[in-house]
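Comments concern the structure below.
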Amino acid sequence: MRRVEPQVRLIARPRLDYDEVAGYLADVGGESWLERVDRGDLDDAQNLAEFAGRICYRSWEPGLNPNVRRVRTDQDEYLRNILASAHGSVLEHVNFSFVVHNVSRVVTHELVRHRAGTAISQESLRFVRLDDLPFWFPEWAERDAELMERATELLGRMEEFQQWMAGHFGLDEEGVNFGEKKAKTSFMRRFAPEGVATGLTWTANVRTLRHVIENRTAPGAEEEIRLLFGKVGELMAKEAPALFGDYQIEDGAWVPGWRKV
């Protein structure tokens, strides 16, 4: 049994093709917008959200839409208004991908309930054979000496059984085809606890991220997923502060300034 800590890494973010954006803006007369925005890699997410919002009203410059006489030129102010007015659809264009590592299937079963606006690719224990049982314990459990002794002993026995089955089925012997390995590995996973650590790639758009960060750091959320999405919130507050800077953290709960975006 190996103790682990839930981890999350941001591995992909939006990237704009500014030449194509410029070609579109030349057609509609909004070239000055590109002169106002920063074009660094870390700015593309916020630029994309602003672009999607402005296309709805043709608000690149005053006068392009006869109904628009004044436009916000400060991006932070513009995006705050997007959040405040609950114009959440424009945030769905902005996707981020995370690799989530050393989280239990308790967490992944909770996470797949958030289907809208996400993509999920999870490690399959039908194919990946367990030779140890990585496991996370909350701090309160680690302080309980008798609980930890019994839990460690039980997990050790389950881990030993995994290893015994692999030997009993001869899965590492020469000539065993992959179909046989897959069938036996699928059977063996039935004897792994739900708390065994696993991993997945999780992609979500900003609208979904805002909802899940609030929902899964709330006091009533399961404690491991609270820990995970506290880390996600920290990543996103640094990555796109204009889109995630309205949160207040209250006893680990990320409470947004604007809800139902």
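Could you say whether any residue in region 130-138 is touching an Asp or Glu at 6+ places or on another chain (Cβ under 8 Å), in the same structural domain as Phe169 (by TED's automatic domain parsing), surrounded by fewer than 17 Cβ atoms within 10 Å (Cβ to Cβ) and not acidic (Asp, Glu)?
Within region 130-138 (the criterion being touching an Asp or Glu at 6+ places or on another chain (Cβ under 8 Å), in the same structural domain as Phe169 (by TED's automatic domain parsing), surrounded by fewer than 17 Cβ atoms within 10 Å (Cβ to Cβ) and not acidic (Asp, Glu)), the answer is yes, since at least one residue qualifies.
Testing Arg113 on (1) touching a residue at least 24 places away in the same chain (Cβ under 8 Å); (2) not in a helix (DSSP H, G or I), one condition comes back false. Which one is that?
Against the list (1) touching a residue at least 24 places away in the same chain (Cβ under 8 Å); (2) not in a helix (DSSP H, G or I), Arg113 comes up short only on (1).
Looking only at region 171-182, which residues are surrounded by 13 or more Cβ atoms within 10 Å (Cβ to Cβ) and of a type outside the set (Val, Ile, Thr)?
Start the filter on region 171-182 by keeping residues that are surrounded by 13 or more Cβ atoms within 10 Å (Cβ to Cβ), which leaves 171, 176, 180-182.
Selection gives Leu171, Glu180, Lys181, Lys182.
Out of everything in region 125-174 that is part of a helix (DSSP H, G or I) and acidic (Asp, Glu), what residue ends up being farthest from Val103 (Cα to Cα)? Can you show your working first?
So in region 125-174, the residues part of a helix (DSSP H, G or I) come out as 139-142, 145-168.
Next cut, acidic (Asp, Glu) only: 139, 142, 146, 149, 153, 159-160.
Numbers: Glu139: 15, Glu142: 17, Glu146: 24, Glu149: 22, Glu153: 21, Glu159: 18, Glu160: 21 Å.
Step by step, filter region 125-174, then rank; the result is Glu146.
Please specify each residue of region 76-112 satisfying the condition of being polar (S, T, N, Q) and under 13 Å from the mean Cα position of the chain (by Cα). Working first, answer last.
In the first step, residues of region 76-112 are kept if they are polar (S, T, N, Q); the result is 81, 85, 89, 95, 97, 102, 104, 108.
Correct list: Asn95, Ser97, Thr108.
Go through region 55-100 and count every residue that is of a type in the set (D, E, K, R), buried (at least 18 other Cβ atoms within 10 Å of the Cβ) and assigned to a helix (DSSP H, G or I).
Selection size over region 55-100: 1.
Does Arg13 satisfy being over 16 Å from Val94 (Cα atoms) and either surrounded by 12 or more Cβ atoms within 10 Å (Cβ to Cβ) or in contact (Cβ under 8 Å) with a residue 12 or more places away in the chain (or both)?
no
Kindly evaluate Glu20 against the criterion of being in a helix (DSSP H, G or I), modelled with pLDDT of 95 or more and among the charged types (D, E, K, R). Show your work before the answer.
Working: in a helix (DSSP H, G or I): yes; modelled with pLDDT of 95 or more: yes; among the charged types (D, E, K, R): yes.
When the stated conditions are applied, Glu20 passes them.
The values are calculated or read from the model by the stated rules, or taken from the named source; none is laboratory data. Only a predicted model underlies this, so the values are computations on that prediction, with no experimental measurement involved. As a convention, Cβ positions derive from the backbone with ideal geometry for all residues, glycine included, and neighbour counts pool all protein chains shown.
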